[in-house]
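The values are calculated or read from the model by the stated rules, or taken from the named source; none is laboratory data. Only a predicted model underlies this, so the values are computations on that prediction, with no experimental measurement involved. Please note: Cβ atoms are built from the backbone with ideal geometry, for glycine as well, and neighbour counts cover all protein chains shown. For accessibility, only protein heavy atoms count, side chains too; no ligands or nucleic acids. Shrake-Rupley method; radii C 1.70, N 1.55, O 1.52, S 1.80 Å.
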Amino acid sequence: MDYPNLKLRFRRANLGEFHYLTGVLRDAAEWLNIKGMHQWDCFIIPIGFIKQWLYEGYKKGEYFYVEHKGRVAGVFRLSPKDELFWGDEPGDAYYIHSFATSSNYRGFGVGHKMMEWIIKRAKREWKDYIRLDCKKSNPFLQEYYAKYGFEPVRETTVQNDEFILMQKTL
């Protein structure tokens, strides 16, 4: 369901706000676990490699917060490269990671508005593709992204987990 009057503000995350990011991701991971999907178990208590990966993207300014009335309603990472999952893939693309809505905003169309914003930005910046990954064992998420025109490209294994790589041609 979409709420057209829900006014959202998109902004780049500032250093010193890392706890907002980890809080939303932990909340999303716990919600997914309740639903029987273990897509983001690593975000419940991010340590080692995952914590470093999150922080590196944070320091590079790749994370965005979506706010409603000063509260974080969603987060996502938008990277110009993704060698971990995609390697040196040809084409100018944005890579989406850590796409999540806060528990108080689920069901209000925040995820839809986030995806629309990303697509518009990528088109405005003349990107060829938007790319992302999702666990192979999560068909629900694959179907969600397919609704926005993402198509499976190939499978890959990262940190002993199997993923489907998906892209949207712009």
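The set of residues from the range 110-137 being open to solvent by 10 Å² or more (accessible area, probe 1.4 Å), in contact (Cβ under 8 Å) with a residue 40 or more places away in the chain and either outside any strand (DSSP E or B) or in contact with a Gly (Cβ under 8 Å, 6 or more places away or on another chain) (or both) comprises His112, Lys113, Trp117, Ile119, Arg121, Lys123, Lys127, Asp128, Tyr129, Ser137. Condition first: in contact (Cβ under 8 Å) with a residue 24 or more places away in the chain, touching a Pro at 6+ places or on another chain (Cβ under 9 Å) and open to solvent by less than 20 Å² (accessible area, probe 1.4 Å). Can you find one or more residues in the range 68-87 that meet it? No, the range 68-87 contains no residue that is in contact (Cβ under 8 Å) with a residue 24 or more places away in the chain, touching a Pro at 6+ places or on another chain (Cβ under 9 Å) and open to solvent by less than 20 Å² (accessible area, probe 1.4 Å). The requirement of being free of Cβ contacts under 8 Å to residues at least 12 places away in the same chain, of a type in the set (S, T, N, Q) and open to solvent by 20 Å² or more (accessible area, probe 1.4 Å) is fulfilled somewhere in the range 157-165, by at least one residue. Go through the residues of the range 142-159 one by one and say whether even a single one is among the aromatic types (Phe, Trp, Tyr), over 15 Å from the mean Cα position of the chain (by Cα) and modelled with pLDDT of 95 or more. Within the range 142-159 (the criterion being among the aromatic types (Phe, Trp, Tyr), over 15 Å from the mean Cα position of the chain (by Cα) and modelled with pLDDT of 95 or more), the answer is no, since none of the residues qualifies. Here Asn138 fulfils each of the conditions (1) out of contact with any Cys (no Cβ under 8 Å at 6 or more places or on another chain); (2) farther than 25 Å from Leu8 by Cα; (3) modelled with pLDDT of 95 or more apart from (3).
Any residue that is in contact with a Phe, Trp or Tyr (Cβ under 8 Å, 6 or more places away or on another chain), of a type outside the set (Ser, Thr, Tyr), crowded, with 20+ Cβ neighbours inside 10 Å and at negative phi - is there at least one of those in the range 89-96? Yes; the residues of the range 89-96 include at least one that is in contact with a Phe, Trp or Tyr (Cβ under 8 Å, 6 or more places away or on another chain), of a type outside the set (Ser, Thr, Tyr), crowded, with 20+ Cβ neighbours inside 10 Å and at negative phi.
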